[in-house]
Amino acid sequence: MTITLPKIFGILGLLIITWAIFAKSEKQQDWLFVFGGLGLLIYSISLKDPIFIPLQVLFISASLWELSTLKNTYANKKKHL
């Protein structure tokens, strides 16, 4: 079995997503999900997998969307203080 660069990205992506599950901060967790998802997206693209490529894009998009809502939530809380 040869370890290729896409496989390394896939392994790191899965490890980063696992690490994100244990992150204390929601913001940190979302950034880890984004980077882990990118690693898995690279691996999925290398496999030319028509199922996992769009699912990874959706996963990354959801994490970025949550990051933007967290940013807006914190900004609104500061305005009301």
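Any read-out appearing in this document is the output of simple, stated calculations on the displayed coordinates, not a laboratory observation. All of these numbers come straight from a predicted model, not from anything done at the bench. Neighbour counts are summed over all protein chains in view; Cβ atoms, including those assigned to glycine, are modelled from backbone coordinates with ideal geometry.
Remark: spin-label model distance residue 65-residue 8 equals 3.4 nm, labels positioned 7 Å along the Cα→Cβ axis. With contacts taken as Cα pairs under 8 Å and at least 6 residues apart, the chain reaches a relative contact order of 29 percent. How about the chain: which trypsin sites (Lys or Arg not before Pro) there are in a DSSP loop, with at most 10 other Cβ atoms within 10 Å of their Cβ? Answer by residue number: 24, 48. Specify whether the C-alpha gyration tensor of the range 1-73 places it in the rounded, prolate or oblate class, a ≥ b ≥ c being the square roots of the eigenvalues: rounded for a/c under 1.5, otherwise prolate if a/b is larger than b/c and oblate if not. Oblate.
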